[in-house]
Amino acid sequence: MATKVLNVSLRASVIPYGLIAQAAFAKVETSFLDTAEHDATLAHNDQTITDQDQIARILAEKAGGIAQGTSSTPDFLKIATNLRGNLAFPELVAILDDLDDYLAYRTYLIGHDLSSVDLAIWGACRGTPPPPLCHS
């Protein structure tokens, strides 16, 4: 699998911190572009991948996060996807409560070391835009 470079737009509406961290973890070169059509693209197997969920999955596979993890690994990547969306407060609290419960007796989501999946969740939490201000 030839994963060459992750390109990140400096004009992205929300900086994809998780993808940047996953790329560094998987030892994939990252470049930052001043102008870009997409927030992030990944050059992989002579294709340009633009879907952030697919990029996260490819980077997790490259780093060994999915192969070394359990069958629940894709569920964590799905949680990262949900966290990046616009969630109502009760939905956000439910997801964070589930993560908190899961991590109550664990340090990492998968295994005993930092994984690409941990970075995907961190990046989704870090990169979530603030809610719009309400004016009354």
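The values are calculated or read from the model by the stated rules, or taken from the named source; none is laboratory data. Given the structure is predicted, the values throughout are model-derived calculations rather than measurements. Backbone-built Cβ (ideal geometry, glycine too); neighbour counts: all protein chains shown. All accessible areas refer to the heavy atoms of the entire protein, side chains included, with ligands and DNA or RNA removed. Shrake-Rupley method; radii C 1.70, N 1.55, O 1.52, S 1.80 Å.
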> Do you know which residues across segment 83-127 are of a type in the set (Lys, Arg) and modelled with pLDDT of 90 or more?
Replying inline: 106
> Taking segment 34-48, which residues are open to solvent by 70 Å² or more (accessible area, probe 1.4 Å) and on the phi < 0 side of the Ramachandran plot?
Replying inline: 34, 35, 37, 38, 47, 48
> Quick one: in segment 4-13, which of the residues that are part of a strand (DSSP E or B) and either among the polar types (S, T, N, Q) or open to solvent by 50 Å² or more (accessible area, probe 1.4 Å) (or both) is nearest to residue 113 (Cα to Cα)?
Replying inline: 4
> Has segment 62-79 got any residue that is under 18 Å from residue 5 (Cα atoms), touching a helix residue (DSSP H, G or I) at 6+ places or on another chain (Cβ under 6 Å) and modelled with pLDDT under 90?
Replying inline: yes
>> Cβ-Cβ distance below 9 Å, separation of 6 or more or different chains: which pairs start in segment 65-93 with a residue that is closer than 17 Å to residue 125 by Cβ and end on one that is modelled with pLDDT under 65 and of a type in the set (A, V, I, L, M, F, W, C)?
In response: 77/66
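Go through segment 101-117 and give me each residue that's without any contact (Cβ under 8 Å) to a residue 12 or more places away in the chain and closer than 22 Å to residue 56 by Cα. So that I can check it myself, show each step before the final result.
Our first condition is that a residue be without any contact (Cβ under 8 Å) to a residue 12 or more places away in the chain; within segment 101-117, this holds for 101-108, 112-113.
Once the filter is applied, which keeps residues that are without any contact (Cβ under 8 Å) to a residue 12 or more places away in the chain and closer than 22 Å to residue 56 by Cα, segment 101-117 yields 102, 103, 107, 108, 112, 113.
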> Within segment 14-33, can you find the residues that are at pLDDT 90 or above and open to solvent by 50 Å² or more (accessible area, probe 1.4 Å)?
Replying inline: 17, 24, 25, 27, 29, 32, 33
